[in-house]
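Written out below as structure tokens is the structure these notes cover.
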């Protein structure tokens with residue numbers, strides 16, 4: 001029994017130390033990434049390339065998600081509001097829900113699943129194949145070369161994708177509410193214009209910026225340190241890192257969404 | 001330190017996850033010569049190489065480069081040192097998303113202000129040195145393992161390093177390609193005065209190119225000297241390695257049962 005307790009306490013202590021070290025390393029990783037902005041090589045073309053990957057290539061999946069979310073909002077909103085004879089408020093309901101909440105969150109979740117996982121896997125493979133070590137040995141800062149361009153690209157791409165998601169979602173709600181269920185088009189747009197204020201738009205932008213930082217920070221970190229803690233570098237470590245990256249970034253998005261909303265409302 | 005030693009390893013100990021891998025390793029790497037670090041698989045060669053290229057920080061012991069302690073280098077000094085070295089990793093460590101020419105252009109683009117056309121010509125010249133000029137636009141995934149290794153060597157030579165570290169250059173190569181690579185390493189020493197450090201367990205290649213051989217067994221240097229001195233060494237383990245004799249295990253039945261049952265008998 002005594003030996004068992006000692007082992008348990010030892011394991012808990014080791015776990016605690018490992019987690020504390022990991023948090024410290026996460027912070028240092030972030031600082032090195034920011035420092036990378038000021039270190040060669042130039043970032044313009046790499047950032048453009050990554051905006052294409054994170055942003056342009058996500059348009060279809062985000063457009064699709066936004067359209068159907070907007071349509072569901074239109075449908076649910078219409079039947080809920082019709083109970084109070086307030087169908088005219090459908091435009092407000094759809095627009096506010098999308099701009100404040102669903103747009104930033106859905107976009108971030110989709111980017112995390114599509115681009116974030118790919119980024120983790122790509123950097124993880126670079127780690128296990130010694131490509132990151134090779135960068136170090138060529139006196140090239142791996143943060144400046146690999147992480148910082150992706151970081152900047154994600155921060156630029158996500159707010160744009162969020163805006164796209166908002167617009168497509170509102171049109172999705174319009175298509176169902178106005179074209180299918182017969183709400184007046186004038187009432188729908190009047191609801192949108194009258195209820196959405198700049199604060200709602202700012203909130204959406206701030207959320208998407210915070211989500212962008214979280215996604216790219218977690219996904220690049222997980223890829224960069226694939227297998228480092230285990231001390232073995234193989235496909236299993238990359239696959240675990242990719243799963244962890246998507247799960248942790250998704251949870252972080254939802255938690256931070258609540259925190260930002262509670263602060264800004 | 002003898003005046004011709006560029007790197008001096010003194011009493012180096014190394015640990016990996018609590019297990020000691022290197023025990024008081026001491027030897028010198030002469031300037032403008034080929035030094036071969038030789039030993040059986042798992043003897044600590046690659047760990048030693050990682051210390052020499054600054055990827056693993058030295059703990060107990062020292063690695064002196066031109067008399068300066070590598071372990072005490074600041075980040076800036078480490079970068080300066082790494083600009084003096086070229087490293088060929090065991091698998092080549094080429095960037096999968098780039099063609100061979102782009103791979104070789106990476107250090108040139110980051111560290112020089114040469115025009116793109118000049119960089120392109122230099123990259124093709126380096127590929128020509130390793131017999132791959134016809135494959136400059138190929139992606140690493142389109143090449144054989146041996147070709148990837150040669151391309152990795154071309155990239156390691158991109159910045160005309162003063163010291164070249166090569167990890168297992170001949171493993172997995174056909175005899176003709178391996179002989180060509182050996183010839184290239186000797187040419188680099190003779191024409192450019194490069195200091196070459198080769199980690200290998202290939203006996204034929206080692207004795208063909210080495211000016212100095214460091215043989216390691218179970219983390220300890222067991223013989224150090226020129227190829228003739230190593231051949232003449234009477235140490236049992238050295239002769240076993242040179243004569244390619246298999247280990248004969250003396251199994252202790254009690255300890256074998258204990259290891260199976262995970263308890264003392």
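Taken together, the values in this text are just the output of simple stated rules run on the coordinates, not laboratory data. Keep in mind it's a predicted model, so treat the numbers as computed, not measured. Using ideal geometry, Cβ is built from the backbone for each residue, glycine included, and neighbour counts are taken over all protein chains shown.
Some points to look at:
- With the simple spin-label model, which puts each label point 7 Å out from Cα in the Cβ direction, the residue A:7 to residue B:190 separation comes to 6.3 nm.
- Rounded tilt (10° steps) of A:44-54 against the dominant C-alpha axis of chain A: 60 degrees
- Cα gyration tensor shape for the stretch A:151-265, rounded if a/c is under 1.5, else prolate or oblate: prolate
- Of all DSSP beta bridges confined to chain B, the antiparallel ones make up roughly 50%.
- Helix B:116-129 vs. chain B, principal-axis angle (Cα, 0 to 90°, nearest 10): 50 degrees
- DSSP-defined beta bridges in the protein assembly as shown - what % are antiparallel, rounded to 5: 50 percent
- Degrees, to the nearest 10: B:100-111 long Cα axis against longest axis of chain B: 80 degrees
- Centre separation in Å (Cα based) which lies between the stretch B:83-128 and the stretch A:240-258: 37 Å
- Taking every DSSP beta bridge that has both ends in the stretch B:102-241, the antiparallel portion is near 50%.
- For the protein assembly as shown, the mean residue ellipticity at 222 nm estimated from helices alone is -18500 deg cm²/dmol, where every DSSP H run of n ≥ 4 contributes -39500 (n - 2.57) and the total is divided by all residues, rounded to the nearest 500.
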